[in-house]
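Comments concern the structure below.
The values are calculated or read from the model by the stated rules, or taken from the named source; none is laboratory data. Nothing here was measured: the structure is a model prediction, and the numbers come from that model. So basically every Cβ, Gly included, is an ideal-geometry build from the backbone, and we count neighbours across all protein chains shown.
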Amino acid sequence: MNDFNKVYAVDIDAGEYLLLQETMFEQSMQLTNNDIYTFDGNPKGNDWRAVDVDWLIVEGETPTNKPDVAGWGAMAFAIPASLKDIFEATLEECCEFLPLNLNGDEWFALNILEQQDAINQEHTELNMKNGRVNRVRRFKKLTLSKGVIKHGGLFKVKGAGIFTFCTDQEGGLYDLTKSHNLKGLKFTEVNAI
């Protein structure tokens, strides 16, 4: 376990920065080969090949700012090759760095391998609708248990859906983003006891 004080939900700042998407050719290849790449917490290792990506542009709606840390789809973050050594030094325990090709520039997708059972059931309030947990917004109030978070650099939480989390520990995603003044992500503090 590492020293930290705060836990954050990490999100892409899609209102301010461009997002990545697979190129049309890449999507076609994956569909043809029935080989859709997903980020499910399992290592990809030698099964991964560099994926061709491009900036997602929707005329009239797309921000023009290029991020330092980009969002790729709903669940992945990507960094340029120039940041790989900095990120890998402290996040290699919880992430796999998978090559991407962005118009000839080398980028890396962060495949988050850490999933932790950290929801504090006693202090978490579920968002109920018609007697069931709301599928869109699962929590009224999410509380995580600090004591069970083993590596807070970057992780998923079992039962929390597609949300990604980190702590303020030294060398974690929050610390790297703030100390290097990187743009593209938003951090929202989460209740943690």
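A few remarks follow.
- Residues satisfying the stated conditions in the range 18-41, i.e. of a type in the set (Gly, Ala, Ser) and modelled with pLDDT under 75: Ser28
- Annotation: of all residues in the range 142-182 being part of a helix (DSSP H, G or I) and farther than 24 Å from Lys84 by Cβ, the one that is farthest from the chain's Cα centre (by Cα) is Gly147.
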